[in-house]
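Reading through the structure tokens given below for one structure.
The values are calculated or read from the model by the stated rules, or taken from the named source; none is laboratory data. If you're wondering where the values come from, they're calculated on a predicted model, not measured in any experiment. Note that we place each Cβ from the backbone using ideal geometry, even for glycine, and neighbour counts take in every protein chain shown.
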Amino acid sequence: MTLLETALGIGAAAVALIAPAVATPTAPPAPTAAPTVASGLPEPTITQQLIPFGAARKAQMARYSKIHYGHGSWRLHPRGVVEHYTATNSLESVFATFRSNQPDPELGQKPGVCAHFVIDRDGTIYQMVPLNIRCRHTVGLNHRTIGIEHVGMSDADVMGNRRQLRASLALTAWLQVRFGIPTGDVIGHNESLDSRFRRENYGPWRCQTHGDMTRATMNRFRSLLNDNLTGTTVDRSRPDWVDSGC
């Protein structure tokens, strides 16, 4: 199951079936201000499509963090990036799910799922949540990582779409330079159990992960990513995996 499947409590096929019925965004997206440069890498063009994340949702994120990570904060100081795909081809359904702030189907906890960025099939990058706020996108890693969703149904969809892949590599590399994130801490959702930053205090979720963006996919992605980082000071070493015991 991917992030959207978990949020809706259904499988990927059902997500794809219901996606066309979801309403389109009520307000047109607005491009960001002029790009900035982080140590030689220009900021990619990012379209702002921020979801509501006010005091109530921040308080929910702080409570979630207390339960699952042992400290109650909604603030994010990024140490890694997790790549996902949506299991739907409908960008609008992703927006609607992230805005809805629905509790998870297993524990009934809020906040609902979200990711910091969504990259559409045409390569457009949408920012959904500010980078100083935690987003619930990966069990065990929401307190340390930025989440990037790719609209598509599989790893192959993402890796085989040149415009989407190019945008993803540019965004991820820029984030690495901005926050000093090594390539070894850019992982796929499916690799989450082996991350050195993973922490999950809720027993039944200690070994929970998902199938999107596997090790084989991410080895190729990280190799391409390092090409984008040529000339920067970012650590381009391979991941330093830990044994999760799962």
Which count do you get for residues in the stretch 178-205 that are in contact with a Leu (Cβ under 7 Å, 6 or more places away or on another chain) and either touching a residue at least 60 places away in the same chain (Cβ under 8 Å) or surrounded by fewer than 20 Cβ atoms within 10 Å (Cβ to Cβ) (or both)? 5
Filter the stretch 210-244 for residues that are part of a loop (DSSP other than H, G, I, E, B) and out of contact with any helix residue (DSSP H, G or I) (no Cβ under 9 Å at 6 or more places or on another chain); which is nearest to Gly184 (Cα to Cα)? Thr230
Could you go through the stretch 138-156 and let me know if any residue there is buried (at least 23 other Cβ atoms within 10 Å of the Cβ), closer than 23 Å to Tyr64 by Cα, among the acidic types (Asp, Glu) and within 15 Å of the chain's Cα centre (by Cα). yes
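Each row is one residue, and each column tells you yes or no for (1) under 19 Å from the mean Cα position of the chain (by Cα); (2) at pLDDT below 90; (3) within 22 Å of Leu107 (Cβ to Cβ); (4) exposed (fewer than 13 other Cβ atoms within 10 Å of the Cβ).
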residue	(1), (2), (3), (4)
Thr2	yes, yes, yes, no
Leu17	no, yes, no, yes
Ala30	no, yes, no, yes
Thr36	no, yes, no, yes
Tyr69	yes, no, yes, no
Gly72	no, no, yes, no
Arg75	yes, no, no, yes
Taking the criterion of being out of contact with any Cys (no Cβ under 6 Å at 6 or more places or on another chain), buried (at least 21 other Cβ atoms within 10 Å of the Cβ) and among the acidic types (Asp, Glu), would at least one residue in the stretch 80-99 satisfy it? yes
Test for Gln208: is it out of contact with any strand residue (DSSP E or B) (no Cβ under 8 Å at 6 or more places or on another chain), surrounded by 15 or more Cβ atoms within 10 Å (Cβ to Cβ) and in contact (Cβ under 8 Å) with a residue 40 or more places away in the chain: yes
Give the number of residues within the stretch 211-227 that are on the phi < 0 side of the Ramachandran plot, crowded, with 20+ Cβ neighbours inside 10 Å and among the aliphatic types (A, V, I, L, M). 2
Would you call Leu76 more than 30 Å from Arg162 (Cβ to Cβ) and touching a strand residue (DSSP E or B) at 6+ places or on another chain (Cβ under 8 Å)? yes
With the structure loaded, tell me whether Asn226 is closer than 24 Å to Val151 by Cα and either touching a His at 6+ places or on another chain (Cβ under 6 Å) or not hydrophobic (A, V, I, L, M, F, W, C) (or both) or whether it fails that test. yes
Here is a list: Ser223, Ser168, Ser154, Ser195. Which entry is modelled with pLDDT of 95 or more, under 19 Å from Tyr126 (Cα atoms) and not aliphatic (A, V, I, L, M)? Ser168
Name the single residue that is nearest to Val158 (Cα to Cα) among those in the stretch 108-131 being surrounded by fewer than 17 Cβ atoms within 10 Å (Cβ to Cβ) and in contact with a helix residue (DSSP H, G or I) (Cβ under 9 Å, 6 or more places away or on another chain). Arg121
By residue number, the members of the stretch 42-60 that are assigned to a helix (DSSP H, G or I) and either in contact with a helix residue (DSSP H, G or I) (Cβ under 6 Å, 6 or more places away or on another chain) or surrounded by fewer than 17 Cβ atoms within 10 Å (Cβ to Cβ) (or both) are Ala55, Ala56, Lys58, Ala59
